[in-house]
Amino acid sequence: MDIRSIIAPVIQDREALEEFADALSDRAPQIENDVARLKKSPADREITADLFRAIHNIKGDASLCKFELGAAVAHPIESMMSRFREGEIPFSDLLAELILLTIDRLELATDALLAHKSVENLHLVELVEGLEKLAQIPAGDVDHHCADLIELVTGFAPVIGDISSRPPRVATPKSEQKNASTDLHFFRSLALQLESRSPLFKGRTMRILRLALETNKAAHLVVDPVQLEAAVYLHDIGMMLLPEAVWLKVGKMTDEDKLALRNHPGFAAGILQRMPGWEAAAEMVAQHHEMPNGGGYPKELQSAEICSGAKILSIVDAFEAVMLKHIHRGKNRSVLRAIAEINACDTQFAPEWIAPFNSVIRKTIES
């Protein structure tokens, strides 16, 4: 392995890298599907051959496109699959999770390079070195090594499961917040109307609300929980004022779609701004797509200009989106890989809120 190709990958041919990214996007869902099938039927030789071929093709694509990082990541996975195919190691849940995590990391790395961003936060050196060791260790040590490597790369022990569906503990409005309970009931009804637009959204509001309130609680209630609850209910309600063909679109969005979506925070914030007592919630909604580095929208605010509630909402909303990412292609993303992706986006979210959010997720997956 040429460590330089991982620490500081060089784009030798941007057009070729774009072709690799497209090919990887096509192959990733098939790998996800094959891994799920193989977990159910590990003795199936046909599925084994399909998965081995898909990974081998990724390595071949990377070589053809002169993408050394892609080949370096794919090669040890291919070696592991070769060992499984020959009956040397079992196909366990941990091995399956590690394969999927690696494909996720390769997708993130490719996207980052195309966007001229650093890949340092993806821990690719540790991942590839760990995979190469894994391709050679005794069969009895494979699961233990998989668990250690997953935790090293993601920061989380590999407890595989789903986010708890228990209802959140909503806050009690303060006495000066007149009609707050009635307003919140109305806001919640609007959020449920949004959910009804797609079966993918079922339960979304309560999942986001629980994570937002518990993250705020983990940081000792920096944000008014009643205002935060209102912001959760209405932060995406502006979507309903856009054509459904835009916000319910399956697959990649066009530049025109993305431009249209930039309007939805303003629509939702406008509703709250016109209702006395919800000014703080309106600010959270208006800013929930801003980023600390100024790369967000609609006003490209810097970190100090973004309110804390918006920073919380940005993280939990993105986490929910990652959990649903590519669901149209049958991708069942685990909590562990979703939180790993959130943590890898080191410029998108406020660093002071990542730790409280992580603590909430850690309790969820370890309970």
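The values are calculated or read from the model by the stated rules, or taken from the named source; none is laboratory data. Worth saying up front: this structure is predicted, and the values here are computed from it rather than measured. No Cβ is skipped: glycine too gets one built from the backbone with ideal geometry, and neighbour counts run over all protein chains shown. Ligands, DNA and RNA are excluded from the accessible area calculation, which covers all protein heavy atoms including side chains. Shrake-Rupley method; radii C 1.70, N 1.55, O 1.52, S 1.80 Å.
The accessible area of Cys345, taken with all protein chains in place and a 1.4 Å probe, comes to roughly 40 Å².
Let me check against my output: what whole-number percent is the relative contact order of the chain, with C-alpha pairs under 8 Å and at least 6 apart?
On the way: 459 pairs, mean separation 55.2, N = 367.
After rounding, I find 15 percent.
Ranking Thr205, Thr182, Thr347 from most to least accessible surface, computed with a 1.4 Å probe over the protein chains only, gives Thr182, Thr347, Thr205.
Straight-line cross-link partners of Lys40 among the aspartates and glutamates, defined as a Cα under 12 Å from its Cα and at least 8 positions apart when in the same chain: Asp93. Among Leu200, Leu211, Leu228, the largest mean-square fluctuation in a Gaussian network model of the chain (Cα springs under 10 Å) belongs to Leu200. Taking the solvent-accessible surface of protein heavy atoms with a 1.4 Å probe, what is the per residue accessible area of the chain in Å²? I get 47 Å² per residue for this part.
Based on Cα contacts under 8 Å between residues 6+ apart, segment 1-84 shows a relative contact order of 35 percent.
To the nearest 0.05, what FRET efficiency results for Leu242 and Glu120 with a Förster distance of 30 Å applied to their C-beta separation?
Efficiency for this residue pair is about 0.25.
Normalised by 2.2 N^0.38 Å, where N is the number of residues, the C-alpha radius of gyration of segment 265-322 stands at 1.08. Taking each of Lys59/Lys258; Lys202/Lys363; Lys258/Lys311; Lys59/Lys202 in turn, the alpha-carbon distance tops 29 angstrom for Lys59/Lys258; Lys59/Lys202. Once all protein chains are placed together, Leu149 keeps about 10 Å² accessible to a 1.4 angstrom probe. Atom-type composition of the exposed protein surface of the chain places 53 percent of the accessible area on carbon and sulfur (1.4 angstrom probe). Computed over protein heavy atoms with a 1.4 angstrom probe, the accessible surface ordering of Tyr233, Tyr297, largest first, is Tyr297, Tyr233.
Considering segment 18-115 at the alpha-carbon level, its Rg and Dmax are found to be 13.0, 41 Å.
Tally Lys/Arg at +1 and Asp/Glu at -1 over every other residue whose Cβ is under 10 Å from the Cβ of Leu272; what's the total?
Details: positive: Arg274; negative: Asp183, Glu279, Glu283.
Neighbourhood net charge equals -2.
Surface calculation, 1.4 Å probe, protein heavy atoms: His144 sits at approximately 120 Å² accessible. Ranking His145, His185, His288 from most to least accessible surface, computed with a 1.4 Å probe over the protein chains only, gives His185, His145, His288.
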